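The values are calculated or read from the model by the stated rules, or taken from the named source; none is laboratory data. Remember, it's a predicted structure, so these values are computed and weren't measured experimentally. As a convention, Cβ positions derive from the backbone with ideal geometry for all residues, glycine included, and neighbour counts pool all protein chains shown. Note: areas computed on protein heavy atoms with side chains; ligands, DNA, RNA excluded. Shrake-Rupley method; radii C 1.70, N 1.55, O 1.52, S 1.80 Å.
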Amino acid sequence: MEKGPFSVEWLAQSSCGGTRPLLHPAAAHQPHSPPEATDMLRCRGAAERSSPRQEAEAGGGAVPGRPRTKFSAAQLQELERSFREQRYIGTSEKRRLAAVLNLTQSQIKTWFQNRRMKFKRQTQDAR
């Protein structure tokens, strides 16, 4: 039976560059398996392991990239003080905080975004 476009099998085959049928995982361990069967299973396994979305949904590791920033107590205190004064940070204040706290402007911006979302959740829960 021919699989139609955009089925899981079709997508797996097209992403691995082949149009050969996918084999059952046990076929990879059989001594008489053709080399392309092993290649297809390796490609399929790599695709399943490397999906950041699946890892995030499963509670596995974080999406590859920059490691999570651990803020010190002094940094958090200054960030919270600044947030109480103004929920949206301007460019000059962002630059000043980054220099004072030894963080990047991007980290400051992200912290404020996350803090606004936390504030929003807290106010909604209070209602």
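Descriptive notes on the structure:
- Filter pass, I89 being of a type in the set (A, V, I, L, M), open to solvent by less than 50 Å² (accessible area, probe 1.4 Å) and under 22 Å from the mean Cα position of the chain (by Cα): no
- Any hit, region 54-69, residues being open to solvent by less than 80 Å² (accessible area, probe 1.4 Å), at pLDDT below 95 and assigned to a helix (DSSP H, G or I): yes
- Inter-residue pairs, beta-carbon under 8 Å, first closer than 13 Å to T91 by Cα and in region 102-127, second open to solvent by 100 Å² or more (accessible area, probe 1.4 Å), 6+ apart: Q105/R95; F112/R87; F112/Y88
- Every condition in (1) open to solvent by 70 Å² or more (accessible area, probe 1.4 Å); (2) modelled with pLDDT under 85 is met by M40 except one, and the failing one is (1).
- Residues within region 84-118 that are more than 19 Å from S72 (Cα to Cα), assigned to a helix (DSSP H, G or I) and not charged (D, E, K, R), tallied: 3
- Residues being of a type in the set (V, I, T) and open to solvent by less than 40 Å² (accessible area, probe 1.4 Å) - total across region 94-113: 1
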